[in-house]
Amino acid sequence: MKSKKSMKILFIFILCLLIYPLYGIPLHQLPGLIQTRSKELEAMRMDIAVQQLDIGNQPFTYFPDLSLSYKGNFNRPFYDDFSHSHTFSLSSSLNLSDEQVFSDRIEILEYEKLLIEYDQYYEKLLYETIGLYIDALKKKMVYELARTNESVSTLNYEFAQSKNRLGTLSDIELLNAEADYDNSLYLSRKGKLDYDLALSSLRRKLDSPDLTIEDIAIGNPAYISIEEMTGKEPDQPAAPEEQANGAPSSPYTILIQEKQLKILKLKNIHAIRNRWLPRFDLGFSLTYDQYDYNSMTEEWTEMDPKINPSVTLSASIPLFARNEKRLAEKKSSIAIKKAEFDMEELQNQFEEEARELVELHNRSIDLLKITGKRVESARKEYDKKSESFKLGITTVIELYDTRDRYMEKEKEALEFSLDIILLRARIGNTVGNTFLFLGDDVL
């Protein structure tokens with residue numbers, strides 16, 4: 001009984017493995033796949049973990065250390081017995097310097113910048129993967145249209161052969177039907193090849209050899225305003241605290257540049273301090289001795305406690321350093337000005353790109369509505385031509401021309417709808433959230 005139950009479970013498991021590849025991965029599951037499959041992101045997470053350890057250890061650098069030391073003395077004179085002594089002592093020391101404070105603060109800013117760079121790279125991978133997904137979906141739809149066209153061409157060719165045998169269709173028209181049938185076979189095979197290649201690129205990107213995709217039925221995407229994209233009114237600058245929290249008003253390039261500017265300003269303060277202010281170093285040590293082992297009496301003896309505290313304070317005033325400190329200060333000031341200029345340029349580029357993308361998207365939404373009507377008109381025309389061809393009113397060439405126009409318009413409509421999805425992903429990627437405008441109203 002137990003064996004039959006085990007076989008049943010094994011059968012269900014194998015069946016699930018066979019059926020699983022038949023189910024496609026929907027677009028909204030790509031973020032999870034990228035997080036788990038990307039080796040680049042995994043390497044960046046390891047770097048982040050190392051820096052987290054360093055930053056977590058920063059407070060301990062301001063604590064004194066503690067050590068237990070041992071001192072042994074072994075003596076063997078020529079005319080005396082062998083003797084030895086042992087001393088144990090407990091010591092502690094602490095060294096404080098303002099250099100450590102600057103170094104720790106810069107390390108924290110570098111860590112924050114690394115976190116932003118991780119998010120930026122993740123969004124970049126996500127957008128690239130969506131592009132491959134959309135491309136594979138385009139190729140799949142073209143292939144499915146080509147297969148439909150192949151079926152229709154096969155039926156038309158068979159119908160043309162029967163009419164030709166009855167003498168109601170000329171040999172020239174039969175040749176046209178045969179040429180159309182051969183062309184449909186070629187387009188169907190080529191469509192399959194293109195789809196397989198596009199799907200292979202997506203599988204390599206996600207390291208998923210059995211991955212398949214699902215069709216996307218585009219909903220009713222709404223217009224996007226510049227306020228939605230930037231999170232602020234036009235010409236209203238974003239607050240620095242909003243940028244630090246990753247608000248949609250700032251792309252990652254600006255956030256990274258802002259962190260870099262803070263690092264440069266901190267280094268500038270350090271350069272000014274090194275040039276004009278004295279440097280102080282504080283050191284503290286404490287040694288404690290109490291027990292000593294005497295080899296003559298072969299016992300530990302308690303001595304008077306010896307506590308040796310030591311405090312050192314050193315100060316150095318910069319007088320002349322071959323102009324190096326003055327040069328470092330000036331270079332630091334120039335680097336800050338350049339970073340501020342670059343950040344302003346990035347902000348201007350972002351706002352300009354945001355306006356262009358929003359305008360392109362909204363005009364595409366208007367065009368999408370017209371595209372649907374265009375396909376419907378072409379379909380009605382093709383249906384009427386098909387009926388008239390069966391009645392002998394329309395020639396084969398006219399039928400095929402009408403059908404080709406209809407198929408081309410349907411192909412363009414499908415590709416255009418997918419281009420809008422990719423455009424909305426690009427708009428979201430521009431503000432740092434690729435799926436921001438890919439909600440339920442779109443997919």
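The values are calculated or read from the model by the stated rules, or taken from the named source; none is laboratory data. Computed from a predicted model, the values in this text were never measured in an experiment. Every residue, glycine as well, gets a Cβ built from its backbone with ideal geometry; the counts of neighbours run over all protein chains shown.
Figures for the structure shown
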{"quantity": "Pick from the range 50-61, criterion of a type in the set (Val, Ile, Thr) and at pLDDT 90 or above, ranking: farthest from Arg203 (Cα to Cα)", "calculated": "Ile55"}
{"quantity": "Test: residue in the range 72-84 that is modelled with pLDDT of 75 or more and farther than 30 Å from His270 by Cβ", "calculated": "no"}
{"quantity": "Meets criteria (of a type outside the set (Lys, Arg), assigned to a helix (DSSP H, G or I), modelled with pLDDT under 85 and over 18 Å from Glu351 (Cα atoms)) for Glu241", "calculated": "yes"}
{"quantity": "Where Ala247 falls short, out of the listed (1) among the aliphatic types (A, V, I, L, M); (2) closer than 22 Å to Ile106 by Cα; (3) surrounded by 14 or more Cβ atoms within 10 Å (Cβ to Cβ); (4) at pLDDT below 85", "calculated": "(2)"}
{"quantity": "Residues of the range 369-407 that turn out to be exposed (fewer than 14 other Cβ atoms within 10 Å of the Cβ) and outside any helix (DSSP H, G or I), as a count", "calculated": "3"}
{"quantity": "Inter-residue pairs, beta-carbon under 8 Å, first small (Gly, Ala, Ser) and exposed (fewer than 13 other Cβ atoms within 10 Å of the Cβ) and in the range 37-55, second modelled with pLDDT under 95 and outside any loop (DSSP other than H, G, I, E, B), 6+ apart", "calculated": "none"}
{"quantity": "Residue count for the range 178-207, restricted to those that are within 25 Å of Gln35 (Cα to Cα) and part of a helix (DSSP H, G or I)", "calculated": "11"}
{"quantity": "Subset of the range 181-208 (residues that are modelled with pLDDT of 90 or more and aliphatic (A, V, I, L, M))", "calculated": "Leu185, Leu187, Leu193, Leu197, Ala198, Leu199, Leu202"}
{"quantity": "Residue satisfying all of: in the range 164-223; among the small types (Gly, Ala, Ser) and within 25 Å of Asp404 (Cβ to Cβ); farthest from the chain's Cα centre (by Cα) among these", "calculated": "Ser170"}
{"quantity": "Members of the range 92-148 that are closer than 20 Å to Leu199 by Cβ and either of a type in the set (A, V, I, L, M, F, W, C) or part of a strand (DSSP E or B) (or both)", "calculated": "Leu125, Leu126, Ile130, Leu132, Ile134, Ala136, Leu137, Met141, Val142, Leu145, Ala146"}
{"quantity": "Scan of the range 149-190 for residues that are β-branched (Val, Ile, Thr) and in contact (Cβ under 8 Å) with a residue 60 or more places away in the chain, ordered by number", "calculated": "Val152, Thr168"}
{"quantity": "Output for the range 178-222, where each listed residue is surrounded by 13 or more Cβ atoms within 10 Å (Cβ to Cβ), more than 19 Å from Gly131 (Cα to Cα) and among the acidic types (Asp, Glu)", "calculated": "Glu178, Asp180"}
{"quantity": "For Asn156: the one exception among (1) over 26 Å from Ala413 (Cβ atoms); (2) of a type outside the set (Asp, Glu); (3) modelled with pLDDT under 90; (4) buried (at least 20 other Cβ atoms within 10 Å of the Cβ)", "calculated": "(1)"}
{"quantity": "So Asp47, is it closer than 25 Å to Leu423 by Cα, modelled with pLDDT of 75 or more, charged (D, E, K, R) and under 17 Å from the mean Cα position of the chain (by Cα)", "calculated": "no"}
{"quantity": "Residue in the range 209-231 that is among the β-branched types (Val, Ile, Thr), at pLDDT below 90, under 30 Å from Arg326 (Cβ atoms) and in contact with a helix residue (DSSP H, G or I) (Cβ under 6 Å, 6 or more places away or on another chain) present", "calculated": "no"}
{"quantity": "Which numbered condition Val358 fails, given (1) surrounded by 15 or more Cβ atoms within 10 Å (Cβ to Cβ); (2) more than 30 Å from Val431 (Cβ to Cβ)", "calculated": "(2)"}
{"quantity": "Tabulated pairs, the range 120-137, first farther than 17 Å from Ile427 by Cβ, second of a type in the set (Ser, Thr, Tyr) and surrounded by fewer than 19 Cβ atoms within 10 Å (Cβ to Cβ), C-beta under 6 angstrom, 6+ apart or interchain", "calculated": "Leu132/Ser201"}
{"quantity": "Selection from the range 162-177 of residues that are surrounded by 14 or more Cβ atoms within 10 Å (Cβ to Cβ) and assigned to a helix (DSSP H, G or I)", "calculated": "Lys163, Asn164, Glu173, Leu174, Asn176, Ala177"}
